[in-house]
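Taking it in order: structure first as structure tokens, then the write-up.
The values are calculated or read from the model by the stated rules, or taken from the named source; none is laboratory data. Source: prediction; values computed, not measured. Cβ placement follows ideal geometry from the backbone for every residue including glycine, while neighbour counts extend to all protein chains displayed. The protein model used for the area step is the full one, side chains on, heavy atoms only, and it has no ligands, DNA or RNA in it. Shrake-Rupley method; radii C 1.70, N 1.55, O 1.52, S 1.80 Å.
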Amino acid sequence: MSRYSAFALLRNWLNGNTDWDPVWRSPEPANNYDVIIIGAGGHGLATAYHLAKYYKLGRIAVLDKGWLGGGNTGRNTTIVRSDYFYKESADFYDHSLHLYAGLSKELNFNIMYSARGILNLAHSRHEVDFQRRIVNAMRLNGIDAELLGRDEVFKFCPILNADPNARFPIYGAMRQKRGGTVRHDAVAWGYARAADALGVDILQNTEVTGFRRDPNGSLLGVETCRGFIGARKVGIATAGHSSVVAQMAGFRLPVTSYGLQAFVSEPVKPVLNTVIGSAVIGSYCSQSDKGGIVCGGGIDPFPSFAQRGSAAIMEKVLAGIIQLVPTFSSLRLLRQWSGIVDYTADSSPIIDRSPVQGIYLNVGWGGGGFKAIPAGGEAFAHLIAKDEPHPLAKAFVLQRFRDGALIDEAAAAGIEH
Ligand SMILES: Cc1cc2nc3c(=O)[nH]c(=O)nc-3n(C[C@H](O)[C@H](O)[C@H](O)COP(=O)(O)OP(=O)(O)OC[C@H]3O[C@@H](n4cnc5c(N)ncnc54)[C@H](O)[C@@H]3O)c2cc1C
């Protein structure tokens, strides 16, 4: 892999940009691997990178039925933060945010981390009290968080609706300064390039259609649309399709899949300096580096594998954005898209062994797993390599749905992911 540097840029500029190496290979599948990861999203690619780099596992493949990063990793609204309530989540997501801060250097690929801050707006005194509780919890967990009064909110983000008679007047906000955005494609491409350079085979257009086990039940490998590929260890990182893949292996997962959509407006000059969101309204937005206003909100209210998103949610989310920033009503919408997200009962992930020996799970990220990719990859690689949970992921086990030790962030932090 050639290193990206100012010198390489200059050399290639002089050569008419004819010298760049392909960013990753397109190898033919081998007959056997030590580990197969299903799903070339951020979590699958980050896991393969960690397995190859830090656990020195020899033969690793990442299989995807489509193109790498074509799942939720390339469809999300790029927000990263660690404003969680429970210590288990706070430690995990904050570790991920720290890893994001150093990821461009680690991968030698600019992932465009922008710590522009996140403002969660409060629209009543009760909501301010609720946010005070979360800010206190975050600080007790060692995470930076602050409560802003009404005037401080408008000073920091002047484009917000300051009308005290608005339907959702702004009383204050909770802010995490280190929160912000990261370029989503760059995360997939950066991990893919670095993993490929370490010898990982990334097999795109390779759909897993089943699992093969010997008569004693031991895992032999996976059936794919390109034939059988052997492996004694297989990791599932297939987000919205996790329950489908688990079914192929003969077990059920406590996850339900929903459509989650996002929108982007035509590009405009820089007008929005931070990420804004409102749990009560159910909408959030930020401005991309290209100038578009990227908007998101809640999931469709019914389980589905249709990657579309319903018109009712679109209307609700966009009406909410216009409540927060009325001047955005004159923007034209450029694109709408959707992903399929996998929710658990407590909105927390599962990073654990599955009921089938040799099959491991990194699933249940719902609408919030992008921010978790660096830590998710690290923890999943640890689990697969050592056959024991990563210290930061000990709580995210399947058993919690049996014994009731849920980490219910949706209830505690007032957000679903
Ligand atoms: C609209 C939207 C907005 C979001 N916004 C945010 C946000 O702002 N911040 C945040 O933190 N999170 C956000 N998320 C959630 C986040 O994108 C996901 O949690 C995260 O990307 C999951 O990553 P992953 O690698 O597990 O899954 P994915 O990126 O979805 O990758 C899974 C891969 O598995 C492949 N696959 C599935 N079945 C098979 C099979 N049988 N064989 C082979 N391959 C298969 C798929 O093709 C896919 O590429 C958002 C999601 C959506 C949809």
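Across the stretch 277-342, C-alpha contacts under 8 Å between residues 6 or more apart give a mean separation that, scaled by the residue count, equals a relative contact order of 31 percent.
Computed over every Cα-Cα pair of the stretch 237-326 and binned at 5 Å starting from 0, the pair-distance distribution P(r) comes out as 3, 13, 19, 18, 14, 13, 9, 6, 3, 1, 0 percent.
Ignoring ligands, DNA and RNA, please state the percent of accessible area on the chain from carbon and sulfur, probe 1.4 Å.
Working: 9650 of 18140 Å².
Looking at the chain in its full context, I get 53 percent from C and S.
P(r) for the stretch 92-134, please, calculated from all Cα pair distances in 5 Å bins and given in %. With 5 Å bins starting at 0, P(r) equals 6, 17, 17, 15, 13, 11, 10, 7, 3, 0.
When N is the residue count of the stretch 326-394, what does its C-alpha Rg come to as a fraction of 2.2 N^0.38 Å?
Details: Rg = 17.1 Å, N = 69, 2.2 N^0.38 = 11.0 Å.
It is 1.56.
For the stretch 280-354, evaluate the Debye formula with one uniform point scatterer on each Cα (no solvent term) and list log10 I(q)/I(0) at q = 0.12, 0.24, 0.26 Å⁻¹, rounded to two decimals. Log10 of I(q)/I(0), two decimals: -0.43, -1.21, -1.32. Accessible-area rank, largest first, for 409, 223: 223, 409, with all protein chains present and a 1.4 angstrom probe.
Normalised by 2.2 N^0.38 Å, where N counts its residues, the alpha-carbon radius of gyration of the stretch 96-216 equals 1.59. Each eigenvalue of the Cα gyration tensor of the stretch 263-417, multiplied by 5 and square-rooted, gives one semi-axis; in descending order these are 35, 17, 14 Å. Using the Cα coordinates of the stretch 142-282, the gyration tensor eigenvalues translate into equivalent-ellipsoid semi-axes of 46, 19, 15 Å, sorted from longest to shortest.
Sorting the segments 159-171, 101-113 by their residues' average number of neighbouring beta-carbon atoms within 10 angstrom, most packed first, yields 101-113, 159-171.
The label point for residue 357 and the one for residue 106, both projected 7 Å from the Cα toward the Cβ, are 3.3 nm apart. Highest mean first, the peptides 328-339, 3-14 sorted by other C-beta atoms within 10 Å per residue fall in the order 328-339, 3-14. For the chain, the alpha-carbon radius of gyration amounts to 0.99 times the rule-of-thumb value 2.2 N^0.38 Å expected for a compact globular protein. Within the chain, 157, 225 have no other Cys Cβ under 4.7 Å of their Cβ and so lack a disulfide-compatible partner by this rule. Normalised Debye scattering of the stretch 44-93 at q = 0.17, 0.23, 0.31 Å⁻¹ gives log10 I(q)/I(0) of -0.79, -0.94, -1.04, counting only Cα atoms as equal scatterers and leaving out solvent.
At a Förster distance of 51 Å, what's the computed FRET efficiency of residue 150 paired with residue 402, Cβ-Cβ distance as r, to 0.05? Intermediate results must be reported in sequence, preceding the final value.
Details: r = 46 Å, r/R0 = 0.90.
Efficiency, from the Cβ-Cβ distance: 0.65.
The alpha carbons of the stretch 1-135 occupy a box of 60, 43, 27 Å along the principal axes, longest dimension given first. Based on Cα contacts under 8 Å between residues 6+ apart, the chain shows a relative contact order of 22 percent. Surface calculation, 1.4 Å probe, protein heavy atoms: residue 79 sits at approximately 30 Å² accessible.
Using a 1.4 Å probe, what is the accessible area per residue for the chain, in Å²? Intermediate results must be reported in sequence, preceding the final value.
Numbers: 18140 Å² over 417 residues.
Per-residue value: 43 Å².
Along its three principal directions, the equivalent ellipsoid of the stretch 201-288 from the Cα gyration tensor extends over semi-axes of 41, 17, 10 Å, largest first. Just so you know, the Cα atoms of the stretch 1-70 work out to an Rg and Dmax of 15.4, 43 Å.
What would the Debye equation give as log₁₀ I(q)/I(0) for the stretch 64-160 at q = 0.11, 0.18, 0.24 Å⁻¹, counting only Cα atoms as equal point scatterers? The Cα Debye sum returns log10 ratios of -0.46, -1.02, -1.29.
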